[in-house]
Amino acid sequence: MQEWANQLCESRQFGSKMTDSKYFTTTKKGEIFELKAELNSDKKEKKKEAVKKVIASMTVGKDVSALFPDVVNCMQTDNLELKKLVYLYLMNYAKSQPDMAIMAVNTFVKDCEDPNPLIRALAVRTMGCIRVDKITEYLCEPLRKCLKDEDPYVRKTAAVCVAKLHDINAQLVEDQGFLDTLKDLISDSNPMVVANAVAALSEIAESHPNSNLMDLNPQTINKLLTALNECTEWGQIFILDCLANYTPRDDRESQSICERVTPRLSHANSAVVLSAVKVLMKFMEMLPKDLDYYGTLLKKLAPPLVTLLSAEPELQYVALRNINLIVQRRPEILKHEMKVFFVKYNDPIYVKLEKLDIMIRLASQANIAQVLAELKEYATEVDVDFVRKAVRAIGRCAIKVEQSAERCVSTLLDLIQTKVNYVVQEAIVVIKDIFRKYPNKYESVIATLCENLDSLDEPEARAAMIWIVGEYAERIDNADELLESFLEGFHDESTQVQLQLLTAIVKLFLKKPTETQELVQQVLSLATQDSDNPDLRDRGYIYWRLLSTDPVAAKEVVLAEKPLISEETDLIEPTLLEELICHIGTLASVYHKPPSAFVEGSRGVQHKRLPGSTGLGESLESPDTGSAAGGSDAPPAVIPSQGDLLGDLLNLDLTPPATTGPPPPPTSGMQLGAMDLLGGGLDSLLGGDLGGSSAMGAGFGAAPAASPASFSAPVSGGLDDLFDLGGGVGMPMGAYNPPKTVWLPAMKGKGLEISGTFARRAGIIQMEMTLINKAMSVMTDFAIQFNRNSFGIAPAGPLQVLTPLSPNQTIEVALPLNTVGPVMKMDPLNNLQVAVKNNIDVFYFSCQYPISVLFVEDGKMERQVFLATWKDIPNDNESQFQIKDCHLNSDAASSKLQGSNIFTIAKRTVDGQDMLYQSMKLTNSIWVLAELRVQAGNPTYTISLKCRAPEVSQCVFQTYEAVLKN
Amino acid sequence: MIHSLFLINASGDIFLEKHWKSVVSRSVCDYFFEAQERATEPENVPPVIPTPHHYLISVLRHRIYFVAVIQSEVPPLFVIEFLHRVVDTFQDYFGVCTEAAIKDNVVVVYELLEEMLDNGFPLATESNILKELIKPPTILRTMVNTITGSTNVGEQLPTGQLSVVPWRRTGVKYTNNEAYFDVVEEIDAIIDKSGSTITAEIQGVIDACVKLTGMPDLTLSFMNPRLLDDVSFHPCVRFKRWEAERILSFIPPDGNFRLLSYHVSSQNLVAIPVYVKHNITFREGSSQGRFDLTLGPKQTMGKAVESVLVSSQLPRGVLNANLNPSQGAYTFDPVTKLLTWDVGKINPQKLPNLKGTMNLQAGASKPDENPTINIQFKIQQMAISGLKVNRLDMYGEKYKPFKGIKYMTKAGKFQVRTYQHFLMVQTSM
């Protein structure tokens, strides 16, 4: 008692309370020495107090490892608390004192046979925590006994011990057959043992991706479902996560599992709820949608998800990240629950931002008024990040729900009136997007925007404003002044703004050439001469060359019609989404990355798929995730951020024009003026460069096959190719052109034989014909005319047969075509009726062109757009074909197809099967999306085509077949 | 599974660490500190933080960050739920969960953590079982232990852990057998500036304190079980019976526990028990604003609204406020701009009012933000959803227990949005 009093006096700072905090006060010198003496004391009580002090020191991170032998000496005791404390110490320090740790082995072996199951369990638990190789083999026998112990409490503890041991020495565990014993425990009579066995096996399986540890069959599933009802909440999580890996045989099994899992949705533990949601979301895929139970299940999923949102903010956050996935996959579940996502002003910021995201995903015509009112409210909050996101959200609503666009724009204008600097800037950025989505609708607000020009200090907002001024230069009286004001500080601007300014001024010049010559020259020289930024310089040169060589082409390029921006650009790719749905509740679901992207701890995780879903959506995935699956540390696929998207949008100005007919001859004075203006200076500047690249252009023009010298303009062709390269398309292979066939036999042509084919060269469709005069007389006065046809193909010029065709003479003619002629649907679709006239008669024949000549050069879809479009096109429009006897590998096929303007957007490999996702665009702006499956060693390809105009599929398929087989 | 746990106090000191597998250096917490620095408020630290080799999952409770370190794919909710359980256990054992309490009981804390998790797998998290394994410290027991040298670690196998009813220990005996149930409802609402309800929902719980001898089997039925369409049960509740008959049937744990929690969503009509009249005005060209706030009861079925506390974050431009409460006291913190008004009870005859002026920074224009008013209140003897217990029956034991049911409604996140009037100055010649 006297000692106690002394100690209490020492711990002055904690007053007279008899607490453990006294252990924190032992910081003085010689502490270890004192403890050592106390540990070796004869008095039990003093010993225990000493061990307690040691543990306390250890807890706060002090090094007390020097006391190892003394503490181990205290181990052989009947006092349970003391034993536990010593065990605690052992676990912490055994690693640093492996030789000493061996001293403890005997006690473990003895304790494993203690009549008290609590001690047996404690021993087996502690054993596994001693991470010393030397010791582990001594522990195998005791562990084996404990795995078969009569007391389930010991068995369940031993099950976890197997996982611990596996972590230390996997080989040993396998050699000793512990894995099989563990598998047997799945059929144990005690649910807790089952749950722990499942947990241990899952952990082991994570480091053994290929082992067939969790051999799930209907019998084990039944065992698990039975144990599910009776084990602890944590055990339920392990079992549910394990169930989620199972693929039911049919919809009936699927339904029966769902029925038995549904009660877990009412569990108080949110992790159980979310794991149950995962199982249900996955197995639901297999249920027929017309089943009553399917609807019931959908209804049952909403309340637990909503309840998660009333939990603590940390739980809410994880729940919201998962709900974000769920609403993308099955929006119907929560479509009536918009209000629970309304933001409370004292929600933590991470909850606010997530709620906002989900609000937009759930926004629809039905609730948009409410959503907008809320967003407007948020835009007056204090937190800047949140306010910005709220303003962006208004823009996203406008783009998503067309009916609301007008209200969104007026809300944004209201916000601009607040003059709060960052609100104004965000508003301008989103209004630019709205202009892109709804051209020629809301331009009346430009004046208001221009009023705020001076307050913009963020690059993104400046760039957006400049884009607007450039795009609508003809409607803004003082556009030149506005842009000029930006030009003054050109070198201080960020690249984003510089590029935008360059493009905007070129646009302005093309629209108002008379007043802005000086300006454009100024910006071109700033961009090309005074800048170190290669992007800026190259863009500057390209514009300069375009303007100087062919202002009309420049106009077509710079002022080209831009594709509308898609509605849901921020959607997660369907395959990634499907994978993430299989991982609901995990870290992967919080980060929206596939588990393979987590380098640590997932050595080759297998990709999970939703069962039952068919078609292509299932397998669509980006190359990122595909390569990540191979275990490389490829960048994880993330949701395309707003930033990327905007960048792309801004750069769209550079994509090649959609119409690619040969430019009409320059005639107007303005264009000539432009030539004069820039021509002189340019020659000297660009002399060598120009020659080089026109040679390059010519090279490109000549590259495909052996084309007869045609009248295709080398310069403009070269430019097109240049732009192709700029767009990152890469070096195209030659396009496949079918061989010539006889269209008009001499018999019918009164001696004139015409054979021919179609080709697309440098963006120009050509009809290449061989005319042979098999008659006895000279032929002259050739002319050609087309009947109306499906794509409006028409000759772009007269048939150039300049010299009379004498008997037995052969002439090669290339007739450039455009697609601006009258349209009439033909059968077959690619049928073309032609009339050729000469001095003898008029001859009629029909021929079929390969539809590939209509594939334009900018047919490479943005990946996100592709995904959205693929989803958007109804499945009825999908058609599937087989291509037999094709011996190319997927890469060769891809580059071959690219030669014909069929662009590969993504490639993915699953089970040795390559899947290429491709897009092509027809001259009339019809997009065709394709999925090409190539199995190594199998000469039969499968191709699925999706298009809003499914009639073209047959022709497209023929093209594939022709291109791939030649 | 959970690798390690660090406890970090408000000033950023790691005051406890526990490792269930190999030791993770505490330098891993630097990533947490970075995130903490970036966060404007303590509660804005993101709950999941990735680091190159680990993930940090944290909860903030009682101004302590509980930071769990995980290395492989683990369900984050699992970790968060576990951390909550740790906090609850500490609170249960030490009465409060503070740094001082944890330090005072560091050995018990360590023992608890060791029992709660084995190699990262939850082992014993039910408070009943834990208390059998490790006796909670009481002043008396500490004294007794000190004198007799006995310990606070139980010697027998925690029997409950293996039975079919793991939440209840066997051999419970009381001289007074009693079962109390508290129906507590929290109402979360957002009221817009014109006074109409944007969203309102009720989070309800039934907390029980059951001290019954033996193995009692209870049933609890409701007058209007239809209200409960979104419920989470304690594991003791027989789900099948609920599905079929809408009756709660269960063998209760011993002592305090949460029998069920439920949610009445915004799609049902939720009664709003108080209203607020507010008038916040700024005058153009003047550095003064007017503030006028009146509270009143509605839809309270005649029950009194008590413990009313109003708080509001005034705009940043407000320097100070001179207000006059008709009852209670108010404070305004000129640094945080937080206005709080402790109203007390609302007297329907004489509605509480807070009125006065706010001073803006000289020359400042009208503030941009609209302040939100947060209201806390309590209403005794009423569950705002209308939920009512019909009867409570006991089977399996012969004695007659004493039964009691209490109702209470509280404000959860109850927020009223305001707007600012803006008076143009009339210039007269």
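Which of (1) more than 26 Å from the chain's Cα centre (by Cα); (2) surrounded by 15 or more Cβ atoms within 10 Å (Cβ to Cβ); (3) away from chain A (no Cβ under 14 Å) does B:Asn279 not meet, given it meets every other one?
Unmet condition: (2).
Which residues, counting only those in the stretch A:822-846, are among the hydrophobic types (A, V, I, L, M, F, W, C) and without any contact (Cβ under 8 Å) to a residue 24 or more places away in the chain?
A:Val842
Could you check A:Val194 against (1) closer than 26 Å to A:Glu233 by Cβ; (2) more than 14 Å from chain B (Cβ to nearest Cβ); (3) among the β-branched types (Val, Ile, Thr) and say which number it fails?
In the conditions (1) closer than 26 Å to A:Glu233 by Cβ; (2) more than 14 Å from chain B (Cβ to nearest Cβ); (3) among the β-branched types (Val, Ile, Thr), A:Val194 misses (2) alone.
For the stretch A:248-270, give me each residue that is within 9 Å of another protein chain (Cβ to nearest Cβ), open to solvent by less than 20 Å² (accessible area, probe 1.4 Å) and of a type in the set (A, V, I, L, M, F, W, C).
Matches in the stretch A:248-270: A:Leu265 only.
When the stretch B:359-383 is examined, which residues are found to be of a type outside the set (Phe, Trp, Tyr), at pLDDT 90 or above and closer than 28 Å to A:Glu381 by Cβ?
Answer for the stretch B:359-383, where residues must be of a type outside the set (Phe, Trp, Tyr), at pLDDT 90 or above and closer than 28 Å to A:Glu381 by Cβ: B:Ile373, B:Asn374, B:Ile375, B:Gln376.
Could you please give the count of residues in the stretch A:322-352 that are charged (D, E, K, R), facing another protein chain (nearest Cβ under 9 Å) and open to solvent by 30 Å² or more (accessible area, probe 1.4 Å)? Let's see the steps before the verdict.
First, the residues of the stretch A:322-352 that are charged (D, E, K, R): A:329-330, A:332, A:335, A:337, A:339, A:344, A:347, A:352.
From the residues that got through so far, the ones that are facing another protein chain (nearest Cβ under 9 Å) too are A:337, A:339, A:344, A:347.
Within this subset, residues satisfying the condition of being open to solvent by 30 Å² or more (accessible area, probe 1.4 Å) are A:339.
Count: 1.
In the stretch A:336-356, which residues are farther than 13 Å from A:Ser310 by Cβ, in a helix (DSSP H, G or I) and β-branched (Val, Ile, Thr)?
The one that is farther than 13 Å from A:Ser310 by Cβ, in a helix (DSSP H, G or I) and β-branched (Val, Ile, Thr): A:Ile349.
Output yes when any residue across the stretch A:68-80 is facing chain B (nearest Cβ under 10 Å), open to solvent by 10 Å² or more (accessible area, probe 1.4 Å) and of a type outside the set (Asp, Glu), and no when none is.
Scanning the stretch A:68-80 turns up at least one residue that is facing chain B (nearest Cβ under 10 Å), open to solvent by 10 Å² or more (accessible area, probe 1.4 Å) and of a type outside the set (Asp, Glu).
Could you tell me whether any residue of the stretch B:220-232 is basic (Lys, Arg) and outside any strand (DSSP E or B)?
yes
Consider A:Asp891 carefully, then state whether it is modelled with pLDDT of 80 or more, assigned to a helix (DSSP H, G or I), open to solvent by 50 Å² or more (accessible area, probe 1.4 Å) and out of contact with any Asp or Glu (no Cβ under 8 Å at 6 or more places or on another chain).
It is true that A:Asp891 is modelled with pLDDT of 80 or more, assigned to a helix (DSSP H, G or I), open to solvent by 50 Å² or more (accessible area, probe 1.4 Å) and out of contact with any Asp or Glu (no Cβ under 8 Å at 6 or more places or on another chain).
Rundown of residues vs (1) in a loop (DSSP other than H, G, I, E, B); (2) among the aromatic types (Phe, Trp, Tyr); (3) without any contact (Cβ under 8 Å) to a residue 60 or more places away in the chain; (4) closer than 19 Å to A:Lys740 by Cα, yes/no style:
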position: A:Leu771; (1), (2), (3), (4): no, no, yes, yes
position: A:Ser777; (1), (2), (3), (4): yes, no, no, no
position: A:Asp781; (1), (2), (3), (4): yes, no, yes, no
position: A:Gly792; (1), (2), (3), (4): yes, no, no, no
position: A:Leu799; (1), (2), (3), (4): yes, no, yes, yes
position: A:Leu802; (1), (2), (3), (4): yes, no, yes, no
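Which one is farthest from A:Ile394 (Cα to Cα) among residues in the stretch A:353-373 that are open to solvent by 10 Å² or more (accessible area, probe 1.4 Å) and charged (D, E, K, R)?
It comes out as A:Glu354.
Could you tell me whether any residue of the stretch A:380-392 is under 30 Å from A:Met284 (Cα atoms), assigned to a loop (DSSP other than H, G, I, E, B) and not basic (Lys, Arg)?
Within the stretch A:380-392 (the criterion being under 30 Å from A:Met284 (Cα atoms), assigned to a loop (DSSP other than H, G, I, E, B) and not basic (Lys, Arg)), the answer is no, since none of the residues qualifies.
Filter the stretch B:342-358 down to residues that are at pLDDT 90 or above, touching a Pro at 6+ places or on another chain (Cβ under 6 Å) and of a type outside the set (Val, Ile, Thr), then give me how many there are.
The number of residues fulfilling the criteria is 1.
Return the residue satisfying two criteria in turn: it lies in the stretch A:116-150 and is outside any helix (DSSP H, G or I) and more than 8 Å from every other protein chain (Cβ to nearest Cβ), and of such residues it is farthest from A:Ala195 (Cα to Cα).
Once the filter is applied, the top-ranked residue is A:Val132.
Which of the residues spanning the stretch A:36-67 are within 13 Å of chain B (Cβ to nearest Cβ), acidic (Asp, Glu) and either part of a helix (DSSP H, G or I) or surrounded by 15 or more Cβ atoms within 10 Å (Cβ to Cβ) (or both)?
A:Glu45, A:Glu49, listed by residue number.
Just checking, how many residues over the stretch B:163-214 are within 11 Å of chain A (Cβ to nearest Cβ), in contact (Cβ under 8 Å) with a residue 24 or more places away in the chain, β-branched (Val, Ile, Thr) and not in a strand (DSSP E or B)?
Residues meeting the conditions: 1.
Can you list the strands (runs of 3 or more DSSP E) lying wholly within the stretch B:45-135 that have 1 or more residues being of a type in the set (Lys, Arg) and surrounded by fewer than 23 Cβ atoms within 10 Å (Cβ to Cβ)?
Values: elements: B:48-50, B:55-61, B:64-70.
The qualifying strands (runs of 3 or more DSSP E) are B:55-61.
Identify, by number, the condition in (1) part of a loop (DSSP other than H, G, I, E, B); (2) within 47 Å of the chain's Cα centre (by Cα) that A:Asn808 doesn't meet.
Failed condition: (2).
Taking the condition closer than 30 Å to B:Ile375 by Cα, in a helix (DSSP H, G or I), of a type in the set (D, E, K, R) and within 9 Å of another protein chain (Cβ to nearest Cβ), does A:Glu377 pass?
yes
Taking A:Lys921, is it more than 30 Å from A:Thr770 (Cβ to Cβ) and charged (D, E, K, R)?
On the way: more than 30 Å from A:Thr770 (Cβ to Cβ): yes; charged (D, E, K, R): yes.
Taking the combined requirement at face value, the residue satisfies it.
Looking at (1) open to solvent by 10 Å² or more (accessible area, probe 1.4 Å); (2) within 11 Å of chain B (Cβ to nearest Cβ); (3) closer than 29 Å to B:Glu81 by Cβ, can you tell me which one A:Val306 breaks?
So A:Val306 meets the others, but not (1).
Let's see how each residue does on (1) of a type outside the set (A, V, I, L, M, F, W, C); (2) at pLDDT 75 or above:
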residue: A:Phe723; (1), (2): no, no
residue: A:Val729; (1), (2): no, no
residue: A:Tyr736; (1), (2): yes, no
residue: A:Pro739; (1), (2): yes, yes
residue: A:Val742; (1), (2): no, yes
residue: A:Ala759; (1), (2): no, yes
residue: A:Ala762; (1), (2): no, yes
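Those residues that are farther than 14 Å from A:His267 by Cα, assigned to a helix (DSSP H, G or I) and among the aliphatic types (A, V, I, L, M), I need them from the stretch A:282-321; list them, please.
Passing the criteria: A:Met284, A:Leu297, A:Leu298, A:Ala302, A:Leu315, A:Val318, A:Ala319, A:Leu320.
So which of A:Lys148, A:Lys183, A:Lys164 ends up being basic (Lys, Arg) and open to solvent by less than 20 Å² (accessible area, probe 1.4 Å)?
Going through A:Lys148, A:Lys183, A:Lys164 in turn, the sole match is A:Lys164.
The values are calculated or read from the model by the stated rules, or taken from the named source; none is laboratory data. Please read all numbers here as calculations on a predicted model, not as lab measurements. Counting neighbours? That spans all protein chains shown, and the Cβs are built from the backbone with ideal geometry, glycine included. Quick note on the areas: whole protein, heavy atoms, side chains included, nothing else; ligands and nucleic acids left out. Shrake-Rupley method; radii C 1.70, N 1.55, O 1.52, S 1.80 Å.
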